[in-house]
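> I'd like to ask some things about the structure below.
The values are calculated or read from the model by the stated rules, or taken from the named source; none is laboratory data. Because the structure is predicted, anything quoted here is derived from the model rather than measured. A quick note on method: Cβ atoms are made from the backbone with ideal geometry, for glycine too, and the neighbour counts reach across all protein chains shown. Note: areas computed on protein heavy atoms with side chains; ligands, DNA, RNA excluded. Shrake-Rupley method; radii C 1.70, N 1.55, O 1.52, S 1.80 Å.
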Amino acid sequence: MKDLTAVERVARSELERLQLVRLRALVARAAERVPLYRERLRQAGVTSRDVRSLADLRRLPFTTKSDFRDAYPFGMLAVPLDEVVRIHASSGTTGKPTVVAYTRRDLATWSEVMARTLMAGGVGPRDVVHNAYGYGLFTGGLGFHYGAELVGAAVIPISGGFTERQLMVFQDLGSTVLCSTPSYALFLAEALEEAGVAAKDLKLRVGFFGAEPWTEGMRTALETRLNVMALNIYGLSEVIGPGVSVECPERRGMHVAEDHFLPEVLDPVTFEPVPAGATGELVLTGLTKEAIPLVRYRTRDLTTLDRSPCACGRTLARIGRITGRTDDMLIIRGVNVYPSQIEHALMQVPQVEPHYLLVVRREDALDSLEVRVEAAAAVAAAGGDAMRGLAAQLKRKIHEVIGLSADVSVLPPKSIERSAGKAKRVEDLRGKGGAAR
Ligand code: DLL
């Protein structure tokens, strides 16, 4: 098999030459095949011929999540559906998800970057990969799956849930690599402890944790309680899924697979690049994606960018931990949730007042969501049964819209604090104990 990782160590000048060739081709393809890009590039007065150096990237227009929403479901496609071989989706700002598509070559690219991701943690043919990311529309499960197969490891597509089975597989099948969200990994660590299984008696040695924000405190907890090296992995559906960037064992930032994804970190107000090491919004350009070419996608994720060489020998730039977002997206049990989606669900039910508060907690390492909402006066006057009936109805509605089950507290009118300025819609209590954002 060809050495997939050779490109990670080439001289920057060589890498940048490759990036420029790919960027020019991307702009040409996007303008030719996707009406949205054709129009934006025309407005910006840029054609592929104007892309003469990587600095010209800054002349290109941005793409946002709402572009995907407006183009729902297939308006961003640059190929006919016959060439699409896979579709994934992630939740969007309304009830509709963001749909992303892959050609056969896109799947090969994705498998390659995921294989490189796993290789950064030393994963190879002798490993048993316990893949507890969700399989389905979410990109986590299948993204890791194909990467692990490409490195020749034995993949266990266990997905999330069924705790006892997870523990049995750890012990009986000798999982050496754990892939899961950091919160689920901590939940599994606790379950092992409760079952009296010592982590040192398992074969686990490395974990790839991502899809939600986590902290250094959480890393220490995971490394000691699971007896693994915990690596941070970042990615997003619009760009490809997991595989955009991953830590090497130095654990000083996540190397971006820059031959496929071009990173910028910009001031979210001025859109100027921030000084080296300063925090800004990550903007990613997909250099090679066929089905959905991606020009300067505003991820809304806040991070830093470091182009200095790494002790591991990779020349790829590194991004720091994601420390926040420029929008209000929450990640609850790995699912992206916008407060506006819940508002949308609540407002479909006439007996509620438009006052609500979302309380997010982390209990036993798992996220929980409580939705507090005020009942209309008539329901409150009708008594406890009416209030409970309303809560059950809202719970169903919320589940329909976000796919998560929430605890709904229906309160009498005027119980939720009013604010003179912006309403406070979210109370995120997960920061306590170092286990969250
Ligand atoms: O979460 C892809 C993924 C799967 C990444 C498995 C890593 C592991 P989406 O569902 O589209 O895709 O959500 C993308 O999740 O914009 C970030 O806000 C957040 N996110 C992903 N990885 C990290 C991370 C997948 N390591 C959104 N740290 C992104 C913090 C992360 N946030």
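> Could you tell me which of the residues Leu294, Leu282 is hydrophobic (A, V, I, L, M, F, W, C) and more than 30 Å from Glu427 (Cβ to Cβ)?
Leu294 is the lone residue from the list that is hydrophobic (A, V, I, L, M, F, W, C) and more than 30 Å from Glu427 (Cβ to Cβ).
> Okay, moving on. Which of the residues that make up region 330-354 are touching a residue at least 12 places away in the same chain (Cβ under 8 Å) and in contact with a Pro (Cβ under 9 Å, 6 or more places away or on another chain)?
The answer is Leu330, Ile331, Glu343, Leu346, Glu353.
> Let me ask another. Considering region 299-314 alone, what residues qualify as being in a strand (DSSP E or B) and either hydroxyl-bearing (Ser, Thr, Tyr) or within 10 Å of the ligand (Cβ to nearest atom) (or both)?
Thr299, Arg300, Asp301, Leu302, Thr303
> I've got another one for you. Show me the strands (runs of 3 or more DSSP E) entirely contained within region 147-247 in which 1 or more residues are more than 30 Å from Lys289 (Cα to Cα) and within 16 Å of the ligand (Cβ to nearest atom).
229-236
> Ok, one more. May I ask you to say which residue of Asp385, Asp364 is of a type outside the set (A, V, I, L, M, F, W, C) and over 25 Å from Val335 (Cα atoms)?
Asp385
> Would you mind telling me which numbered condition in (1) farther than 29 Å from Met329 by Cα; (2) of a type outside the set (A, V, I, L, M, F, W, C); (3) surrounded by fewer than 16 Cβ atoms within 10 Å (Cβ to Cβ) Asn227 fails?
Failed condition: (3).
> Of all residues in region 317-336, count the ones that are aliphatic (A, V, I, L, M) and modelled with pLDDT under 90.
The number of residues fulfilling the criteria is 2.
> When you check Ala189 against the structure, is it touching a residue at least 12 places away in the same chain (Cβ under 8 Å), over 26 Å from Ser237 (Cβ atoms) and of a type outside the set (Phe, Trp, Tyr), yes or no?
So Ala189 passes the test.
> Open to solvent by less than 30 Å² (accessible area, probe 1.4 Å), closer than 26 Å to Ile87 by Cβ, more than 22 Å from the chain's Cα centre (by Cα) and among the β-branched types (Val, Ile, Thr), is that true of Val151?
Criteria met by Val151.
> What are the residues in region 259-287 that are surrounded by fewer than 20 Cβ atoms within 10 Å (Cβ to Cβ) and not small (Gly, Ala, Ser), if any?
Glu264, Leu266, Asp267, Pro268, Val269, Thr270, Phe271, Glu272, Pro273, Val274, Pro275, Thr279
> Output the residue which, of all residues in region 315-336 that are in a loop (DSSP other than H, G, I, E, B) and open to solvent by less than 20 Å² (accessible area, probe 1.4 Å), is nearest to Gly253 (Cα to Cα).
Selected residue: Gly320.
> So, one more: Go through Pro293, Pro339, Pro354 for me and flag whichever is surrounded by fewer than 21 Cβ atoms within 10 Å (Cβ to Cβ) and in contact with a Lys or Arg (Cβ under 7 Å, 6 or more places away or on another chain).
Pro339
> Something else now. Might you let me know whether region 249-258 holds any residue that is open to solvent by less than 30 Å² (accessible area, probe 1.4 Å), within 16 Å of the ligand (Cβ to nearest atom), part of a loop (DSSP other than H, G, I, E, B) and in the same structural domain as Arg86 (by TED's automatic domain parsing)?
Yes.
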